[in-house]
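Below is one structure; the comments refer to it alone.
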Amino acid sequence: MHPASAPSALPSVPPSAPVRLAVNEITKTFPGVTANDRVTMDVRGGEVHALLGENGAGKTTLMNILYGLYQPDAGEIVIDGRAVRIRSPRDAIAHGIGMVPQHFLLVRRHTVAENITLGLAGTRFFLPTRDVERQINAFAERYGLRVDPRAAIWQLSVSEQQRVEILKALLRGAGILILDEPTSVLTPQEATQLFAVLRRMKEEGKSVIFITHKLDEVMAVADRVTVMRKGRVVDTVPVAMTSKSQLARMMVGHDVDFRLPARRPGTGAPALIAEDLWVQSDRGLPAVRGVSVVVHRQEIFGIAGVAGNGQRELVEALTGLRPVDRGRLTLGGRDVSRWSPRAMSKLGVAHIPEERVRMGIVPPMTVTENAILRRYEEPPFSRGPLMDYASATRFAQQLIVEYSIQTPSPRTPARLLSGGNIQKLILARELAHRPDLIIAAHPTYGLDVSTTDRIHRLLLERRDEGAAVLLVSEDLDEIRILADRIGVMYGGELIAVMPAGTDRGTIGLLMAGQRP
Amino acid sequence: MKQVGPFRLDTGEPSGAWTLVVSAAAILAAFVAAGGIFWAYGLNPIHAYAVIVHDTLLAPGAFPEIFRPTIPLLLAGVGLVLAFRAQFYNIGAEGQLLAGTVAATGVALFTPIRGPATLPAMFAAGFVAGALWGLLPSVLKLRLNVNEVITTLMMNYIALYFVSWLVTGPWKGPSVRGFAYTDQFPASAWLPLIPGTRIHWPTLVLGVVLAAAFAVLLARTRLGFAIRVQGENPEAARYVGIDALRTTLLVMLLSGGAAGLAGVGEVAGVHHKLLDPNQVSLGYGYTAIIVAWLARGKPLATLITATLFGLIYSSGDVMQVSLQMPFRVTSVFNGLILFFLIGSERLLAYRIRWAPAGAPASAPASAVAPSPPSGEDP
């Protein structure tokens with residue numbers, strides 16, 4: 001949801017609306033950190049209440065307490081005027097609290113109806129999905145959550161999967177729905193649809209808690225907003241009485257500089273040339289269909305698009321991880337269509353992978369070992385068959401300082417680092433050898449404002465030093481801030497290439513498949 | 001976190017000491033449970049354990065007996081540790097061990113190699129045979145994605161029946177009058193023993209050296225680095241271009257080869273002939289799985305865990321002789337230990353702290369980046 005394409009702000013709730021849910025003085029500590037410090041907030045019936053804060057502000061912890069996943073150390077939860085204890089998600093559901101998690105908890109091989117039926121009380125023993133299918137259709141009609149109950153989850157797009165999660169909560173009788181960063185996976189149009197769904201839920205008197213760190217969304221959809229910082233509530237304000245810059249100040253504690261270093265005019269020689277590239281998906285279907293693109297030195301080429309439109313396969317083909325089915329890939333004048341990931345890396349291709357923990361690091365191995373993952377076979381990190389961990393440690397220490405990676409020591413297992421520091425470690429490793437081509441997939445997904453800013457600056461710095469950057473992102477803000485040219489992928493094709501500064505609406509329509 | 005009386009239950013990284021405590025407790029619990037078996041046999045468990053302790057540790061000449069089963073367990077176990085580190089679930093050490101016995105017997109009886117070269121040739125042949133036996137499942141896994149647990153297990157039966165066939169058929173000794181075993185090995189194919197014991201020391205030395213070598217391999221070499229990356233996150237290995245086939249093949253060569261060496265030790269150091277597979281290996285290849293599991297990925301730890309199971313084997317002898325129980329009762333022991341160990345795995349994630357009520361919940365001194373188990377990262 002973005003102002004350009006957003007409908008006018010939703011009618012705000014009369015302040016007299018009864019309080020559905022209140023948390024009073026909730027405190028929750030984990031070893032070494034106070035995730036929630038005397039948090040107090042309330043949510044009214046028929047209200048969309050945004051919970052705004054950076055990563056680590058304590059939003060998810062608070063919601064996990066409400067959903068019974070954690071027990072608070074102190075404080076109380078009041079629902080409809082009665083103090084309750086929520087010991088488990090089952091309790092939460094019994095109290096009418098539903099949660100749509102950020103990472104969906106669905107059985108991929110099962111159908112929509114089966115997923116919704118799973119754990120649903122009061123279903124028949126035989127063929128339980130039959131009745132549920134009827135209910136799904138009824139709810140889908142009522143809230144505009146269209147989804148085929150008989151489709152298997154893996155066949156669905158991310159936004160459809162999200163609808164399944166919402167339906168799951170609604171069918172369990174949720175009157176208070178928690179959405180954890182629901183728009184992070186959606187196109188602007190899909191976000192608009194989601195907000196329409198939220199509006200209908202509101203009209204029915206349901207309460208929605210909307211977790212986000214995007215200011216535009218708060219302004220567009222919420223009635224009131226509670227801002228959290230470092231585990232504490234900064235304030236709760238009606239959206240009508242605040243502004244983006246005021247919220248930003250509350251969120252980060254200081255004014256955020258939204259401007260990034262000025263773009264350099266002119267671009268360098270072609271670095272990466274893809275000609276009529278065809279790549280297959282894991283299931284053997286054409287996922288990239290005839291993509292041709294040239295990325296120049298000193299240029300950031302942004303690829304926008306909803307996940308699942310061939311971006312992953314394209315990135316994997318460009319980095320040697322996935323065979324090129326047809327077409328030609330030229331890098332620095334050489335045909336690299338059949339090159340291995342290792343050869344590509346040696347030629348100067350850096351890859352910031354989409355799934356940073358699943359692919360980008362080896363979680364149980366140390367920061368040092370992860371820092372040399374790319375070049376462990378080369379001096380000075382190994383000599384002959386032996387590793388030289390002393391030089392590896394020196395290298396890691398240097399990266400830790402240079403990229404301000406927060407870690408107790410280079411010997412700490414990478415898995416203990418926070419998401420932002422893991423990403424900084426990956427960037428440090430990939431950029432350390434001054435690559436000529438940087439392929440970055442969703443480099444700031446789920447990261448807080450200051451880490452995101454840091455990563456953006458790093459990419460710009462490298463661009464200005466002469467690297468070619470291919471940036472794949474679902475975050476239009478990111479693409480618009482960074483990219484010198486913007487391409488949109490839809491259905492495996494690069495359906496448009498536009499100059500920087502193209503407006504959001506145009507890109508959004510293309511992302512939804514409306515060709516120019 | 002949960003408060004139970006004055007104790008607080010924390011979750012976190014298991015420390016080395018805590019792992020040791022939990023493992024020891026699990027083994028102790030297994031012994032207590034095994035007491036039930038003695039009791040069912042009509043024996044007083046305390047008396048039974050007293051007899052076992054006396055006859056395996058204290059009786060004259062008893063102690064070195066522990067090391068006879070320790071040797072094959074160490075060799076096979078150390079190989080399995082390596083395979084497990086690469087996330088290759090090799091259940092086939094038994095078959096690889098038997099392949100080693102066949103190759104060693106072949107060299108001893110059917111080649112002209114004699115004199116000081118015999119034993120090295122037997123070890124080399126045993127290593128190669130074990131390695132090859134382990135190779136097929138790894139190729140099947142990496143090329144066709146066939147589950148290695150099943151293939152390595154099945155290869156055990158192939159090896160077992162192959163040995164049975166050899167000793168009842170083509171290799172049956174002309175001089176043994178109808179018994180199902182081969183002729184005795186020539187003297188040059190007998191491993192020397194530590195005087196006064198029945199420990200074939202060259203194999204023991206080999207085991208210790210291999211444990212040290214594999215520890216160095218994992219901790220200090222390029223191949224070891226690749227093995228660990230491959231084992232801990234295959235997707236990251238693919239991402240940096242580590243050749244999974246090459247890494248796994250090398251690991252299985254070493255793993256199978258180590259088990260093959262164990263087989264050589266058994267025929268050249270204990271039996272001096274090839275005989276019924278169930279007599280050559282008393283399930284060493286299977287027990288080695290527990291040995292490796294208990295070692296938790298550390299090759300040097302197999303020195304301890306293999307000795308522990310050597311002790312259990314040697315108690316099996318005691319139970320058979322002094323307590324008139326069947327030797328196979330050791331399998332029950334092994335099963336119980338494995339059962340309790342796997343059961344205790346869950347407990348490793350927890351730590352009990354002394355935290356009397358009223359005291360402030362202090363943060364642990366460890367400076368690890370605070371990471372509450374939530375979706376957010378601080």
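At a glance:
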item: Debye intensity ratio in log₁₀ form over the Cα atoms of the stretch B:69-300, taken at each q of 0.10, 0.15, 0.18 Å⁻¹; result: -0.43, -0.91, -1.23
item: Helix A:158-171 vs. chain A, principal-axis angle (Cα, 0 to 90°, nearest 10); result: 20
item: Per-selection Kirkwood Rh - the protein assembly as shown (Cα, Å, 1 d.p.); result: 31.3
item: Descending Cα extents along the principal axes, the stretch A:454-506, whole Å; result: 32, 20, 17
item: Expected 222 nm ellipticity per residue - DSSP helices of 4 or more, -39500 (n - 2.57), all of the protein assembly as shown, to 500; result: -14000 deg cm²/dmol
item: Calculated over the stretch A:106-173: convex hull of Cα atoms, volume per residue (Å³); result: 75
item: Degrees between helix B:329-345 axis and first principal axis of chain B (Cα, 0 to 90, nearest 10); result: 30
item: Share antiparallel - DSSP beta bridges, chain A, percent rounded to 5; result: 55
item: Interchain or long-range residues, amide H under 5 Å from A:Asn36's placed H; result: A:Lys28
item: 21 Å tail of the calculated P(r), the stretch B:243-353, as % of Cα pairs; result: 50
item: Exercise: per-residue mean of other protein chain Cβ atoms within 10 Å, A:361-370; result: 4
item: Length released on extending from B:Ala212 to B:Tyr41, taking residue separation times 0.36 nm less the Cα-Cα span; result: 57.4 nm
item: Label point at A:Asp282 placed 7 Å out along Cα→Cβ; residues across the stretch A:129-158 whose backbone nitrogen lies under 19 Å; result: A:152-158
item: Gap separating the Cα centres of the stretch B:22-99 and the stretch A:467-487, nearest whole Å; result: 61
item: Dimensions in Å of the stretch A:367-431 - Rg and Dmax from alpha carbons; result: 11.2, 35
item: For the stretch A:367-431: relative contact order, % (alpha-carbon pairs under 8 angstrom, 6 or more apart); result: 40
item: Between 0 and 90°, nearest 10: helix A:419-431 axis offset from chain A longest Cα axis; result: 10
item: Of the trypsin sites (Lys or Arg not before Pro) in the stretch A:282-327, those whose Cβ has at most 10 other Cβ within 10 Å and which sit in DSSP loop; result: A:Arg283
item: Chymotrypsin sites (Phe, Trp or Tyr not before Pro) within the stretch B:1-59: DSSP coil, no more than 14 neighbouring Cβ in 10 Å; result: none
item: Top positive-direction residue, dipole computed over the stretch A:43-149 with Cβ charges, set A:Gly122, A:Leu69, A:Gly58; result: A:Gly122
item: Solvent-free Debye scattering, log10 I(q)/I(0), computed from the Cα coordinates of chain A at q = 0.08, 0.12, 0.13 Å⁻¹; result: -0.55, -1.21, -1.37
item: Longest DSSP-loop-exposure-free segment, chymotrypsin sites (Phe, Trp or Tyr not before Pro), chain A, at most 10 other Cβ within 10 Å; result: A:127-516
item: Kirkwood-Stokes translational diffusion coefficient of the stretch A:304-361, alpha-carbon pairs, 4 °C, 1.567 mPa s, µm²/s; result: 106
item: Lysines whose Cα lies under 16 Å from that of B:Lys172, excluding same-chain neighbours fewer than 8 positions away; result: B:Lys273
item: Pair-distance profile P(r), taking every C-alpha pair of the stretch B:96-225, with 5 angstrom steps and integer %; result: 2, 9, 13, 16, 19, 17, 12, 7, 4, 1, 0
item: Listed pairs A:Lys424/B:Lys298; A:Lys206/A:Lys230; A:Lys168/A:Lys206; A:Lys28/A:Lys59; A:Lys59/A:Lys244; A:Lys28/A:Lys168 exceeding 21 Å between Cα atoms; result: A:Lys424/B:Lys298; A:Lys206/A:Lys230; A:Lys28/A:Lys168
item: Average beta carbon contacts from partner chains per residue of A:379-387, 10 Å cutoff; result: 3
item: log₁₀ of I(q)/I(0) at q = 0.12, 0.13, 0.19, 0.21 Å⁻¹ - the stretch B:224-293, Debye sum with one point per alpha carbon; result: -0.48, -0.54, -0.80, -0.88
item: Sites excluded, GluC sites (Glu not before Pro) in DSSP loops with at most 16 other C-beta within 10 Å, longest stretch of chain A; result: A:1-203
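Quick note: the coordinates plus some simple rules give every number you see, no bench work behind them. This is a predicted model, so every value here is computed, not measured. Using ideal geometry, Cβ is built from the backbone for each residue, glycine included, and neighbour counts are taken over all protein chains shown.
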